[in-house]
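A.B. asks: After the structure tokens below, expect a handful of questions from me.
Every number in this text was worked out from the coordinates using simple rules, so none of it is lab data. Note that the coordinates shown come from a computational prediction; the quantities given were computed from them, not determined experimentally. Positions of Cβ are generated from backbone atoms using ideal geometry, with glycine treated the same way; all protein chains shown enter the neighbour counts.
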Amino acid sequence: MKKSTILLLFTISMVSCVPPTKFKSLQSEALTCQEENNLLKAEHEQLTVENKEIKGHLAMLEKDMDRAARDTVKWKEEVSRLERQTRQLNNDYSDLQEAQQALLKGSEVEIRRLMADLQVAQKDLQKREVELEARNARLTQLEEVLQQQQAGLVSLKKKVSDALLGFENQGLTVAQKNGKVFVSLEEKLLFKSGSTAVDPKGADALRKLAKVLEQNPDINVMIEGHTDDVPVIPGSTFKDNWDLSVLRATSIVRIILEGSTINPQRLTTAGRSQYQPVDTGKNSEARQKNRRTEIILSPKLDELYKLVGD
């Protein structure tokens with residue numbers, strides 16, 4: 001018990017004369033009050049501590065609220081910025097959509113044009129493929145005809161060589177070149193110098209050749225007379241070498257046609273005079289080579305011309 005309480009009780013007991021029972025009762029009440037006072041002090045102290053703790057929490061909450069307020073401002077600013085970006089993106093997206101739509105429309109037009117061009121190109125390609133197939137077919141036919149003609153020339157050369165076998169060492173040669181058969185007869189086999197009369201031995205060779213031509217009606221015949229570069233003797237029967245070369249070719253044609261069934265339309269004569277020499281030398285040996293008659297056998301090209309024309 002504290003001194004103040006004891007002093008109070010003592011003062012009461014001294015001042016007031018009370019019965020013992022009353023005194024004990026008052027003393028008990030005083031003790032009760034003292035205990036309640038102690039409890040109240042303890043509660044007060046507890047409340048003081050709790051109040052401090054609450055103030056500390058309140059201060060922390062205020063700091064948190066300040067920080068939250070500042071964060072709120074920042075977030076509001078960020079939201080505003082994002083909203084502006086969103087509006088800009090929406091505008092950009094709208095512009096992009098418009099551009100894409102315009103591009104799409106243009107692309108559709110271009111695609112339709114390209115498709116039309118493609119269809120035209122396909123039709124043209126199909127047409128060209130048909131033409132190419134037709135050309136390939138004609139080319140195949142052409143090759144077959146050429147092969148047949150080549151085989152025919154080889155056969156013709158053999159027949160002519162066989163028919164004229166006895167004359168090949170007497171100034172006669174048979175050759176195949178440029179798709180033709182050339183029968184070349186030197187002057188000594190056919191003519192005397194400055195004459196257009198065919199020698200009997202030469203006439204025999206020409207008749208043997210005529211037999212081969214009768215058996216090959218699809219062969220055209222060109223008879224060419226050639227001279228050397230020596231001018232004809234003045235006052236002779238011939239005006240010049242042109243005249244001599246033509247008349248010799250004509251004499252040969254007559255012998256080939258004599259007694260044969262050859263169609264005269266197949267034969268052509270030409271005088272070449274001195275202007276297609278086989279030897280350009282100016283000596284007697286070269287001139288002897290140039291004095292000759294060439295009988296050129298050519299296959300008829302009617303079928304070939306028809307294929308080429310088609």
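A.B. asks: Over all distinct alpha-carbon pairs, what is the Kirkwood Rh of the range 175-272 in angstrom?
C.D. replies: 14.2 Å is the Kirkwood radius here.
A.B. asks: Using 0.36 nm per residue of separation minus the Cα-Cα distance, give me the extension gain between residue 76 and residue 142 in nm, one decimal. Mind showing how you got there, number by number?
C.D. replies: On the way: separation 66, 0.36 × 66 = 23.76 nm, distance 9.16 nm.
Once the chain is fully extended between residue 76 and residue 142, it gains 14.6 nm.
A.B. asks: Still on this structure: Which of 31, 189, 58 ends up with the largest GNM mean-square fluctuation for the chain, with Cα atoms connected below 10 Å?
C.D. replies: 31
A.B. asks: While we're here: Picking from 139, 27, 226, whose Cα lies most toward the positive end of the charge dipole for the chain (charges on Cβ: Lys, Arg +1; Asp, Glu -1)?
C.D. replies: Most positive-ward Cα: 226.
A.B. asks: Report, in listed order, any pair from 201/282; 177/300; 188/300 with a Cα-Cα distance greater than 21 Å. Spell out each step's value before the answer.
C.D. replies: Values: 201/282 29 Å; 177/300 16 Å; 188/300 31 Å.
Beyond 21 Å between Cα atoms: 201/282; 188/300.
A.B. asks: Let me ask something additional. Amide H to amide H, which residues 5 or more places from residue 232 or on other chains are under 5 Å from it, using H placed in the peptide plane?
C.D. replies: Sorted by chain and number, the residues that satisfy this are 241.
A.B. asks: Against the empirical 2.2 N^0.38 Å scaling, what ratio does the C-alpha Rg of the chain come to?
C.D. replies: Normalised Cα radius of gyration, the chain: 3.57.
A.B. asks: Determine the dipole magnitude for the chain: charges of +1 sit on the beta-carbon of Lys and Arg, -1 on that of Asp and Glu, nothing else is charged, the reference point is the Cα centre, and the result goes in debye to the nearest 20. Walk me through the numbers before you get to the answer.
C.D. replies: Values: 46 positive and 46 negative charges, 175 e Å.
My answer is approximately 840 debye.
A.B. asks: Please rank 280, 268, 293, fewest neighbouring Cβ atoms within 10 Å first, as an exposure proxy.
C.D. replies: Numbers: 280 8, 268 15, 293 26.
With the fewest neighbours first, 280, 268, 293 line up as 280, 268, 293.
A.B. asks: Applying 1/(1 + (r/R0)^6) with R0 = 41 Å to the Cβ-Cβ distance of residue 237 and residue 158, what FRET efficiency is obtained, to the nearest 0.05?
C.D. replies: Between residue 237 and residue 158 the formula returns 0.55.
A.B. asks: Once the other residues with Cβ under 11 Å from the Cβ of residue 60 are scored (Lys, Arg +1; Asp, Glu -1), what is the net sum?
C.D. replies: Neighbourhood net charge equals -1.
A.B. asks: Would you mind checking the tilt of helix 20-163 against the longest principal axis of the Cα atoms of the chain, expressed as 0 to 90 degrees and rounded to 10?
C.D. replies: 0
A.B. asks: Using only Cα atoms, find the angle between the long axis of helix 241-257 and the longest principal axis of the chain, and express it within 0 to 90 degrees, rounded to the nearest 10.
C.D. replies: The two axes meet at around 90 degrees.
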